[in-house]
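The values are calculated or read from the model by the stated rules, or taken from the named source; none is laboratory data. Given the structure is predicted, the values throughout are model-derived calculations rather than measurements. Cβ atoms come from the backbone with ideal geometry, glycine included; neighbour counts cover every protein chain shown. Heads up: the accessible areas ignore ligands, DNA and RNA and are worked out on the full protein's heavy atoms, side chains in. Shrake-Rupley method; radii C 1.70, N 1.55, O 1.52, S 1.80 Å.
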Amino acid sequence: MKGSYDIVVSNAKVRYAFTIRRNITIVKGDSATGKTTLVEMIREHYESGAGSGIELNCAKTCRVLAGRDWHILLREMHDSIIFIDEDNEFLPTDEFAGAVRGSDNYYVIVTREGLPNLPYSIEEIYGIRESGKYASIQRVYHEFYHIYGNTRTGKTVCPEKVIVEDSNSGYEFFKGISTTKAHTVISADGKSNIFAEIMKSQEQNILVIADGAAFGAEMDRVMKLTGRRKGIILYLPESFEWLILRSGIVAERNLEEVLTDPEDFIESSEYFSWERFFTKLLIAVTKDTYLRYSKRKLNEVYLHETIASKIVRQIRGIEW
Amino acid sequence: MLSIFYGDMPQAIYNPVVYFKNRYTDEWIMDEFSREMIRDVDRSEVLGPRVIDSPVLGGITPRELSGGVKTLMAIYKAPDQIFNASACGDNCAKWILKIGEKQDVTINLRHLMDFGEETFVIKILNTGQIVHNMDELLPVAGMIVR
């Protein structure tokens, strides 16, 4: 499945309206905000249709996955938006993550638990905000040019230490452009190590760079840390490759359109997360050119001053 | 005292809502402490053991209470059991602390619940440490769960 889908579901007592735009959406938040009620209404409408007394408007079939036999049921579910409530023990399992990978469904998962097996985006973590009988689903984490954490709007951040999630091209790029700078650049060697790297760091001002497209499971603990310790800033673009594609150094027809509405181009059964799509796209559009990109080893042309400055210019609010 | 085991705990009851549905009694609902939790978390008023007034859903039975408040009552009324308290949102955290002040309870958490800015006493069973505020809790629990 690809594209974004508006969903409006209502009965005589409550009404939910929201939009789903990626393969994995997480709903979390306080108790008694209506998360389970939403899933229950989706289930009742699927089972009984309009006769349930529930109105549901969506271009795709919305249904619920639950229970011990989830894997048998899921085999029969295609091209649907699937809602899963938090009381399902299969959610954190490798088996479930394997089923989501390559699936042509979108998934809306109610959980407070970080699910590291699933590469979900920081932009697709929502809480339900209710106002009387009307409820909207709103983003939990708010950004300013992809920058998250304790920062004041408009103030330039000057880090002493940069922690990069990546250990390959992304890390080599930020390390390469920092050779004459005062700050140090280290690789966390994976997103799950970022919390520990921040804990180990003694510096006052720390910048974390990670792929926002798959950082969702880490976001809660890292944001809780930024809330309690001053001087931690997160820069979370979709991915390093997305940053290069946005910089204007690559000329490709339709690129602007793809970057504006990626959901219209990214097929969920083909790409587990958007970062993989952007990597594949960048490799494809730079093939046989001097900008030939490899994720494993940075093409040194990206460190050339003219090119590097165009990439870095995308990172607003941080002094390099 | 409140004890917490963070992360996967096979002996914990993963789905406290099902436990509540099959174990709750009229006394669970009419208990004054339960009524306070229902009033605060669900903004609902217990009118009787089988009728609760919800501002959104109207008249409901205990079965339609939120998963969070059902889990709180299960922790409170069945302290010999260990429940997955990640079924509770942060708006339940102060009540978990209050239950821990009343009696010895152990809960399982699979996420970083925010226990607020007040001091508390929590034993983290994974490490044996006793922590007194979120600044002490976060570095320990954050290394175990996300």
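For B:Asp31, state whether it is farther than 26 Å from A:Glu130 by Cβ, open to solvent by less than 40 Å² (accessible area, probe 1.4 Å), modelled with pLDDT of 95 or more and under 20 Å from the mean Cα position of the chain (by Cα). In short, yes. Against the numbered list (1) assigned to a strand (DSSP E or B); (2) modelled with pLDDT of 95 or more, A:Glu130 comes up short only at (2). Taken over the stretch B:25-38, residues that are within 11 Å of chain A (Cβ to nearest Cβ) and not β-branched (Val, Ile, Thr) amount to 1.
Test of understanding: among A:Glu270, A:Glu252, which residue is away from every other protein chain (no Cβ under 14 Å), modelled with pLDDT of 95 or more and either in a helix (DSSP H, G or I) or over 24 Å from B:Pro139 (Cβ atoms) (or both)? None of the others qualify; the one that does is A:Glu270.
The set of residues from the stretch B:120-138 being buried (at least 17 other Cβ atoms within 10 Å of the Cβ) and either outside any loop (DSSP other than H, G, I, E, B) or within 14 Å of another protein chain (Cβ to nearest Cβ) (or both) comprises B:Ile122, B:Lys123, B:Ile124, B:Val131, B:Met134, B:Leu137, B:Leu138.
Each row is one residue, and each column tells you yes or no for (1) surrounded by 14 or more Cβ atoms within 10 Å (Cβ to Cβ); (2) in contact (Cβ under 8 Å) with a residue 60 or more places away in the chain.
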{"position": "A:Tyr134", "(1), (2)": "no, yes"}
{"position": "A:Ile147", "(1), (2)": "yes, yes"}
{"position": "A:His183", "(1), (2)": "yes, no"}
{"position": "A:Val208", "(1), (2)": "yes, no"}
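Among the conditions (1) open to solvent by less than 10 Å² (accessible area, probe 1.4 Å); (2) over 16 Å from the mean Cα position of the chain (by Cα), B:Val105 misses just one, which is (2). When you go through (1) within 14 Å of chain A (Cβ to nearest Cβ); (2) hydrophobic (A, V, I, L, M, F, W, C); (3) surrounded by fewer than 23 Cβ atoms within 10 Å (Cβ to Cβ); (4) touching a helix residue (DSSP H, G or I) at 6+ places or on another chain (Cβ under 8 Å) one by one for B:Val46, which number turns out not to apply? Every condition holds for B:Val46 apart from (1).
There is at least one residue in the stretch A:114-125 that is open to solvent by 50 Å² or more (accessible area, probe 1.4 Å), assigned to a loop (DSSP other than H, G, I, E, B), within 14 Å of chain B (Cβ to nearest Cβ) and modelled with pLDDT of 95 or more.
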